[in-house]
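Accompanying notes for the structure given below.
Derivation of every value follows stated rules applied to the coordinates shown; laboratory data play no part. Just so we're clear, the structure is a prediction, and the values are computed from it rather than from any experiment. Neighbour counts are summed over all protein chains in view; Cβ atoms, including those assigned to glycine, are modelled from backbone coordinates with ideal geometry.
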């Protein structure tokens, strides 16, 4: 199998996983994913993201109970062994001044690329992920004691899928 075929297989396997096994994700697997994020490109190579790894069951439950927008229950999220909180740090020139001229929010583009590196690396390791943008950033920021200028932009659940990717693809008719 060529490198291109391997990459395409990863793209095909990646899906929004909402059912996880009760199996811990190893430090090595998380380190691999974080290395992939560190290699992500960004505007002016500023790398404006920060990832907070939430493994503690009580903290994950707090995020699920109060950090999500009302009316959108996600009980499965508490069952994910890891919640990665993708945060952004807006810099003056690259993320405040440049967008005034271009009309492009480089901060969100940069964080999107970094987050996609994370989910693709996780997929390559056989882990499932789900991007979550429907949450309360202020609550999560307060809960995690994030510093000034650090803003949560997404939650990404990480864990071993309860269903193999092949069964998901079959269910989608792929």
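Among 20, 139, 160, the largest mean-square fluctuation in a Gaussian network model of the chain, built with springs joining Cα atoms closer than 10 Å, belongs to 139. Eigenvalues of the alpha-carbon gyration tensor of the range 45-122, scaled by 5 and square-rooted, set the equivalent ellipsoid semi-axes at 29, 15, 11 angstrom, largest first. Between the alpha-carbon centers of the range 18-70 and the range 98-120, tell me the distance in whole angstrom. A separation of 17 Å, based on Cα centres.
Fewest neighbouring Cβ atoms within 10 Å first, the residues 13, 55 line up as 55, 13.
Going by C-beta contacts inside 10 Å, put 145, 12, 117 in order with the fewest on the left.
Details: 145 7, 12 12, 117 20.
Going from sparsest to densest Cβ surroundings: 145, 12, 117.
Once R0 is set to 35 Å, what does the formula 1/(1 + (r/R0)^6) return for the Cβ-Cβ distance between residue 45 and residue 19, expressed as a FRET efficiency to the nearest 0.05?
Numbers: r = 38 Å, r/R0 = 1.07.
Rounded to the nearest 0.05, the efficiency is 0.40.
Using a Förster radius of 45 Å, what is the FRET efficiency between residue 61 and residue 35 based on their Cβ-Cβ separation? Nearest 0.05, please. Efficiency for this residue pair is about 0.95.
Determine the equivalent ellipsoid of the chain by diagonalising the alpha-carbon gyration tensor, then write out the semi-axes as square roots of 5 times the eigenvalues, largest first, rounded to whole Å.
Semi-axes from the Cα gyration tensor: 27, 22, 14 Å.
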